[in-house]
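The values are calculated or read from the model by the stated rules, or taken from the named source; none is laboratory data. The shown structure was predicted, so the numbers you read here are calculated from the model rather than taken from an experiment. A quick note on method: Cβ atoms are made from the backbone with ideal geometry, for glycine too, and the neighbour counts reach across all protein chains shown. Accessible surface is based on the protein model in full, side chains and every heavy atom, while ligands, DNA and RNA are left aside. Shrake-Rupley method; radii C 1.70, N 1.55, O 1.52, S 1.80 Å.
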Amino acid sequence: MLISHLSIVFIIVPAVIAVVNLLLPVILRKLLSFAGALTLLALTGYIYFSGLIRPGFGLWTLFGTPVFAMDSMTLFALAFIQLLAFVILVYALYGVKPEIQKPFFALFSLSVAACNGVVLSDHGISFLVFWGLSGMSLFLFALLGRSDQALQSAKKTMLIIGSSDAVLIMGLAVMALIKPEAQWSLSQYHIPVYGGTAWLAFILVLIAALAKAGGFPLHTWLPDYARDAPVESAALLPASLDKLLGIYLLARLLTTLFSVDMILNLILISLGAITVITAVMMALVQHNARRLLGYHAVSQVGYMIIGVSSGNPIAFAGGLFHLVNNTIYKSGLFLTLGSVEKRTGSNDLDDLGGLARNMPITFLMALIGALSISGIPPFNGFFSKWMIYQGMLDMAAAAPAGYQIWLMVCLVLAVFGSALTLASFLKFIHAIYLGNGRINLNT
């Protein structure tokens, strides 16, 4: 009985901690959050290494209706939600500014509960509830920012994410009309994208996935959020967990919810290539280090879209692999920048410089993150990007001549995006850690 209800534990534990943390002093909030995160990380490891995943595992029903379930893709997403949440929490235990510690730790656990609920939900209504909660926590975290533009960024985030949530509701409602016998069970759809109604449902759900992940053209909230929200929340949500949810929905959209053809694969690959190149070019001209990382968070989504949307097994695996890699190195880059901010009081590239000799470990971690995101071997970003490129080459080899040209143009844009990423991070590393220091370190 306990084994069959493990899925609900991932939601109940952080949700209860979020509520209790509203009543506790800060030190107890930290201890309780840490204990909860460690428990869920250990539980994920137990499920993985025990080989418990099988059809029907973790199925939780309400009045005979399946609400939560767990499969291999769910476990994949759950594992990295718990891992990234734990790592960022360890940083936050010391790094969060004292004036926002009380709300931060309550929102932290709420965000984990919402993200876990999204990936575990098999019922459409449950999925919508937790998807909306994850968007609400994003907005509330943005309100904790202390910059002059924080409120404006929070409103912009809420406008785009909130609107996409409404669009997702409409998309799932249209799906329910197309296939009422599924009874809102997300595992029972698999609608061919043929005809106006199916296209409408597909596009509506796709909009929600792109907005959450930060894909073009619904990415504009992310750089502003990265600039103005607490750096810990920027590392937790748009750099990792929100991106994971958006790409998770895209993967489900293309493998479970709908059945797509090659033309649609090519359209989505093109959208991914456009995301890569437009965002990295915007990153090149940024002087605010947080906005630079925000635009790179968007750019990396493009590679994930290309891989997951390709329909090629190697590229699909590469897209998910790149999602994992990105959550690791992008969160690391945000956290190293947070350390720089706390020592210098600035995140403006024009104010910084020469910090490598004063912060050598931070410099080394930032350098590893920069080389990884740029796809430089032997770092992890190289291998996931190479899998995506190899999958696209395999697609091109088997495609008609016109499609080959289309795929090769997208591939060239993706590779060129990696070169521009490296150029951008050479600027980032030099401006902060090398060159001449322009600012006094805080003690």
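Observations on the structure shown:
- Some residue of the range 166-175 being touching a residue at least 60 places away in the same chain (Cβ under 8 Å) and either closer than 28 Å to Lys342 by Cβ or surrounded by fewer than 22 Cβ atoms within 10 Å (Cβ to Cβ) (or both): no
- The numbered conditions (1) open to solvent by less than 60 Å² (accessible area, probe 1.4 Å); (2) over 22 Å from Gly294 (Cα atoms); (3) part of a helix (DSSP H, G or I) are all true for Leu337 except (2).
- Identification of helices (runs of 4 or more DSSP H) wholly contained in the range 170-278 with 1 or more residues that are closer than 30 Å to Ala399 by Cβ and at pLDDT 90 or above yields 196-213, 242-252.
- Residues located in the range 310-328, provided they are open to solvent by 10 Å² or more (accessible area, probe 1.4 Å), closer than 25 Å to Ala85 by Cβ and either in a loop (DSSP other than H, G, I, E, B) or without any contact (Cβ under 8 Å) to a residue 60 or more places away in the chain (or both): none
- Residues located in the range 372-398, provided they are hydrophobic (A, V, I, L, M, F, W, C), open to solvent by 50 Å² or more (accessible area, probe 1.4 Å) and assigned to a helix (DSSP H, G or I): Phe382, Phe383, Trp386, Met387, Leu393, Ala397, Ala398
- Considering residues of the range 405-441 that are open to solvent by 70 Å² or more (accessible area, probe 1.4 Å) and polar (S, T, N, Q) only, the residue modelled with the highest pLDDT: Asn436
- Only one of Pro217, Pro180 that is under 23 Å from the mean Cα position of the chain (by Cα), free of Cβ contacts under 8 Å to residues at least 24 places away in the same chain and open to solvent by 10 Å² or more (accessible area, probe 1.4 Å): Pro217
- The set of residues in the range 282-299 being part of a helix (DSSP H, G or I) and open to solvent by 10 Å² or more (accessible area, probe 1.4 Å) consists of Met282, Leu284, Arg290, Arg291, Tyr295.
- Ser7 being at pLDDT below 90 and under 20 Å from Phe127 (Cβ atoms): yes
- Residue match in the range 244-265 (condition: surrounded by fewer than 16 Cβ atoms within 10 Å (Cβ to Cβ) and hydrophobic (A, V, I, L, M, F, W, C)): yes
- Applying the criterion of being under 17 Å from Gly132 (Cβ atoms) and among the hydroxyl-bearing types (Ser, Thr, Tyr) to the residues of the range 143-165, the residue that is most open to solvent (accessible area, probe 1.4 Å) is Ser163.
- Conditions (1) within 23 Å of Met70 (Cβ to Cβ); (2) modelled with pLDDT of 90 or more; (3) open to solvent by 10 Å² or more (accessible area, probe 1.4 Å); number of the one not met by Ala113: (3)
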